[in-house]
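In what follows, a structure is listed as structure tokens, so that the remarks can point back to it.
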Amino acid sequence: VLSYDKRTCTTKINSICNTNDQQDIEQAGIISLARDLDQVYHFALSNLDAHHNEVRVVLMSTTQGAETIALSNNLQSISGVVLLSPVIGDLDTMWVSGLAKAAERSKSDSQRYQLHNRKESMAGFFASLKKGDFPETANVKGATVKFWLSWVEASKNALSYYKRSNKPVFM
């Protein structure tokens, strides 16, 4: 098993992380994470001496990883994909409806109100993002507007990429 946490993990977030350059992520968006995955894939294969052995590679990820794997140049080369709580479909719809469902299921009034407020905040954020209310270079909720827009677009297409790959995908 090779575990990889995207380059956006910094020493401020976790002391075992490295603070890596993120300028390409901020400029090109989520496709930069897919290129990172491609590099990790080739690194793993070279360390498994895969050219002389039959090796099956299964990629497993959560949330944003669904788009990262779908955009990977190596999607056709892997044996399968396991996605836990993937973002498939419209990112903003999934995010907002997920918060709404969590609020409905909450047993505590305090938590229900907090989740409802987060839902409203995220709905407002996505509406503003889609209207172009933020400057393209703005950093909002920890990422640039360019990154957010690239993730929104990738989320709409991820399922079709998986279907075209004809690879087994467990969600």
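Quick notes on this one:
- Test: residue in region 50-67 that is closer than 30 Å to residue 136 by Cβ, open to solvent by 60 Å² or more (accessible area, probe 1.4 Å) and in a loop (DSSP other than H, G, I, E, B): no
- Taking the numbered list (1) closer than 20 Å to residue 165 by Cα; (2) open to solvent by 30 Å² or more (accessible area, probe 1.4 Å) in turn, residue 27 passes all entries but (1).
- Test: residue in region 103-125 that is open to solvent by less than 60 Å² (accessible area, probe 1.4 Å) and closer than 21 Å to residue 31 by Cα: no
- The single condition among (1) out of contact with any Asp or Glu (no Cβ under 7 Å at 6 or more places or on another chain); (2) closer than 27 Å to residue 7 by Cβ that residue 158 does not meet is (1).
- Flag for residue 71 being free of Cβ contacts under 8 Å to residues at least 40 places away in the same chain and surrounded by 12 or more Cβ atoms within 10 Å (Cβ to Cβ): no
- Test: residue in region 75-91 that is free of Cβ contacts under 8 Å to residues at least 24 places away in the same chain, in a helix (DSSP H, G or I) and open to solvent by less than 80 Å² (accessible area, probe 1.4 Å): no
- Region 16-70, subset modelled with pLDDT of 85 or more and among the acidic types (Asp, Glu), residue nearest to the chain's Cα centre (by Cα): 67
The values are calculated or read from the model by the stated rules, or taken from the named source; none is laboratory data. Being a predicted model, the structure only gives us computed values, none of them experimental. Please note: Cβ atoms are built from the backbone with ideal geometry, for glycine as well, and neighbour counts cover all protein chains shown. Remember, those area values only see protein heavy atoms, side chains included, never the ligands or the DNA or RNA. Shrake-Rupley method; radii C 1.70, N 1.55, O 1.52, S 1.80 Å.
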